[in-house]
């Protein structure tokens, strides 16, 4: 019985070894086998302004397109500022229009009437002064006091000054507003319009939009939280491009070049390689990172290399271990990635 049992175990081991040998990926003859990890770009999205979060529209794992609105801030204060800016612009537009149109005919006629009235006052004051002086001359100075003469002379000077002031006002009414006043009103209007444009831009920034096609990796805020530019609301994983980061030693460096085709294997689907190509080879050597899986290269100088992959089925995940096999004399059709 012991011999039969031992024979059965031996047969099982042999069958298991044969199955592993049959299912393992075929080794690349005279090629390179490198080990690395899947890497992708990530985007930390934060609001440009600081306000309360009103809505968070997507969850972890959701796929988003470029331009999709992911979250929205409370914009009530900005809406009120926008209405205030529009009202200010309306007032300044009317003031500028009044300056450009100049003085109305009715205003010129009013100024003329004021000049005529001031002229009449001046003539009356002059007549009163002449009458007092005549009385003083006929009576030898006894019929009129010096104070009355002084008061009459003062009234005449005041009336003439008012007449001159009204005359100059009439001239200004006929000439119209100064060019400098019109230019100042135009500049103030432009300032208000710029303020309105800034408020409109801030209103646009209350919507957090996806910059590119991606997958939501983390949701970091909730409705009611206070957002800020230093506090991300979402973290996105950009699914295109993807690459496998591997390292090659100096002796292997002469056997690879940008554009060479490669096959990428994963432990989850070892019999389904993913096509790729070498897109980047570092020009600077570095010490082998700790995550490199070959013990003999732990203390060697190596060069980073990125193998770009085409993964429409989204089989690769960030950080996933991957095996890259590069067969000799396989040149990719595409241009080397920059």
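The slack between residue 250 and residue 212, meaning 0.36 nm per residue of separation minus the straight C-alpha distance, is 10.0 nm. Here the spin labels are modelled as points 7 Å beyond Cα on the Cα-Cβ line, and at residue 84 and residue 268 they lie 5.4 nm apart. Between residue 119 and residue 201, the modelled label-to-label distance comes to 5.8 nm, taking each label 7 Å out from Cα in the direction of the beta carbon. Once the C-beta distance of residue 238 and residue 77 is scaled by a Förster radius of 35 Å, the resulting FRET efficiency is 0.55 to the nearest 0.05. Subtracting the Cα-Cα distance of residue 285 and residue 54 from their residue separation scaled by 0.36 nm leaves 78.2 nm. Measure out, as a whole number of angstrom, how far apart the alpha-carbon centroids of the range 188-207 and the range 209-288 sit. When both Cα centres are located, 39 Å separates them. Averaging Cα coordinates gives a centre for the range 35-76 and one for the range 86-112; these two points are 51 Å apart. In terms of other Cβ atoms within 10 Å, 215, 38, 264 run from fewest to most in the order 215, 38, 264. With 0.36 nm allotted per residue and the present C-alpha distance subtracted, the residue 301-residue 139 stretch has 45.6 nm of extension available.
Exposure proxy ranking for 277, 79, based on other Cβ atoms within 10 angstrom of each Cβ and starting from the fewest, stands as 79, 277.
Rounded, prolate or oblate: which fits the range 84-197 when a ≥ b ≥ c are the square roots of the eigenvalues of the alpha-carbon gyration tensor, with rounded for a/c under 1.5 and prolate only if a/b beats b/c? The shape class here is prolate. By the gyration tensor of its Cα atoms, with a ≥ b ≥ c the square roots of the eigenvalues, what is the shape of the range 114-265: rounded for a/c under 1.5, prolate for a/b over b/c, or oblate? Note, shape of the range 114-265 comes out prolate. On the basis of the beta-carbon distance and an R0 of 45 Å, residue 164 and residue 187 show a calculated FRET efficiency of 0.85.
Rule-based calculations on the coordinates, nothing more; no lab input. The structure presented is a predicted model; accordingly, all values stated were derived computationally and were not measured. Glycine gets a Cβ as well: all are built from the backbone with ideal geometry, and neighbour counts include every protein chain shown.
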